[in-house]
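J.: Here it is: the structure, laid out below.
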Amino acid sequence: MIDPCFALDQEQTVDTMIALTHPSTLGGIIITGSESMELYLVLRRRGYSRVATPVTCRAPKRQHAVGLVTGQNAVAALVQASPFLSTNSNVAVLIESRDGELAMNIRHKLQQMGFRIEAGVRCRRGLVLAADRRGFSQLELAA
């Protein structure tokens, strides 16, 4: 049985991530992290038809416009999402820990991947960082 408090917290987290990334119901969303299947089911119930996880989407082709990252090991989940994200994409990362070093590691990893942090919003489960990248392929060519 699902704890009602956890379900409420999860719904608020999903609402926050959606508000920060503005996904289209027809656009591609990749979800990574230890809670990816739960988030996958929530988004499908809400009408998002092109939702995938690395398990359900076999070929990483940079085809998703939005990435949602949850779970304990957010840095690894972010790296896992990267091959699925398009050159112009948005990402929201849930940081459940109060560890400032973890937040800095995630921020550094986002910058390495060509993302610019746009917002950070507190929710019941922690901090959701939202970032976007525009024209990342141009940055890759320059490097």
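J.: N105 - would you say it is farther than 14 Å from G126 by Cα, surrounded by fewer than 18 Cβ atoms within 10 Å (Cβ to Cβ) and touching a Lys or Arg at 6+ places or on another chain (Cβ under 8 Å)?
T.: Against the criterion (farther than 14 Å from G126 by Cα, surrounded by fewer than 18 Cβ atoms within 10 Å (Cβ to Cβ) and touching a Lys or Arg at 6+ places or on another chain (Cβ under 8 Å)), N105 does not qualify.
J.: Sticking with this structure for a sec: Going through region 70-88 one residue at a time, which ones are over 15 Å from G28 (Cβ atoms) and touching a strand residue (DSSP E or B) at 6+ places or on another chain (Cβ under 7 Å)?
T.: T70, G71, A74, A77, L78, Q80
J.: Considering only region 22-31, how many residues are within 18 Å of P54 (Cβ to Cβ) and either within 10 Å of the chain's Cα centre (by Cα) or of a type in the set (A, V, I, L, M, F, W, C) (or both)?
T.: Matching residues across region 22-31 total 3.
J.: Exactly one condition in (1) farther than 21 Å from R133 by Cβ; (2) surrounded by 22 or more Cβ atoms within 10 Å (Cβ to Cβ); (3) of a type in the set (G, A, S) is false for G47; which is it?
T.: Every listed condition holds for G47 apart from (2).
Values quoted throughout were computed directly from the atomic coordinates according to the rules given, and no laboratory measurement underlies them. What you see is a predicted model; the values in this text were computed from it and never measured. Cβ sites come from the backbone with ideal geometry, for glycine too, and all protein chains shown count toward neighbours.
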